[in-house]
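> The structure follows.
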Amino acid sequence: MGSIKINKSLCKGCGLCVGACPKKILRLSETEMNAKGYFVTEIFEPEKCIGCASCAVICPDCVIEVER
Ligand code: SF4
Ligand code: SF4
């Protein structure tokens with residue numbers, strides 16, 4: 001099991017993490033926009049996170065921090 005922290009203010013909504021998550025529990029929000037004007041990543045089934053860190057590794061802006 002694992003958990004992630006998303007520093008939403010840094011996210012640019014590129015969606016790379018969404019595609020990288022093997023559990024398919026990340027998505028780009030349709031409602032939450034950050035100060036830069038990007039729709040940010042959100043985790044919608046956090047209890048399914050396995051802490052694999054694929055999302056954190058692929059993010060070009062180091063937005064996601066993983067805890068195991
Ligand atoms: S750590 Fe792995 S399972 Fe958890 S959200 Fe990131 S890619 Fe998905
Ligand atoms: S890869 Fe990083 S910048 Fe891109 S949507 Fe995911 S958290 Fe945001």
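> Residue 5: within 15 Å of ligand 1 (Cβ to nearest atom), part of a loop (DSSP other than H, G, I, E, B), at pLDDT 95 or above and not small (Gly, Ala, Ser), yes or no?
In short, no.
> Quick one: how many residues across the range 34-50 are exposed (fewer than 13 other Cβ atoms within 10 Å of the Cβ) and assigned to a loop (DSSP other than H, G, I, E, B)?
Going through the range 34-50 one residue at a time, the tally reaches 5.
> Kindly list, by first and then second residue, each pair from a residue in the range 1-25 that is over 19 Å from residue 47 (Cα atoms) and without any contact (Cβ under 8 Å) to a residue 40 or more places away in the chain to a residue that is of a type outside the set (D, E, K, R) and more than 7 Å from ligand 2 (Cβ to nearest atom), limited to pairs with Cβ atoms under 7 Å and residues at least 6 apart or on different chains.
9/34; 9/35; 13/38; 13/39
> Among the residues of the range 23-33, is any on the phi < 0 side of the Ramachandran plot and assigned to a helix (DSSP H, G or I)?
The answer is no; no qualifying residue exists.
> Going residue by residue through the range 56-67, is there one that turns out to be assigned to a strand (DSSP E or B) and near ligand 2 (Cβ under 7 Å from one of its atoms)?
yes
> Oh, and also: Restricting attention to the range 8-32, and to residues there that are within 14 Å of ligand 1 (Cβ to nearest atom) and over 11 Å from the mean Cα position of the chain (by Cα), which single residue is surrounded by the fewest Cβ atoms within 10 Å (Cβ to Cβ)?
22
> Turning to a different aspect of this structure: Pick out the one residue from 55, 62 that is on the phi > 0 side of the Ramachandran plot and in contact with a helix residue (DSSP H, G or I) (Cβ under 9 Å, 6 or more places away or on another chain).
Testing whether each residue is on the phi > 0 side of the Ramachandran plot and in contact with a helix residue (DSSP H, G or I) (Cβ under 9 Å, 6 or more places away or on another chain) leaves just 62.
> Looking at the range 42-54, is at least one residue among the β-branched types (Val, Ile, Thr) and in contact (Cβ under 8 Å) with a residue 12 or more places away in the chain?
yes
The values are calculated or read from the model by the stated rules, or taken from the named source; none is laboratory data. These numbers were taken from a predicted model, which means no experiment stands behind them. Note that each Cβ is placed from the backbone with ideal geometry, even for glycine, and that neighbours are counted across all protein chains shown.
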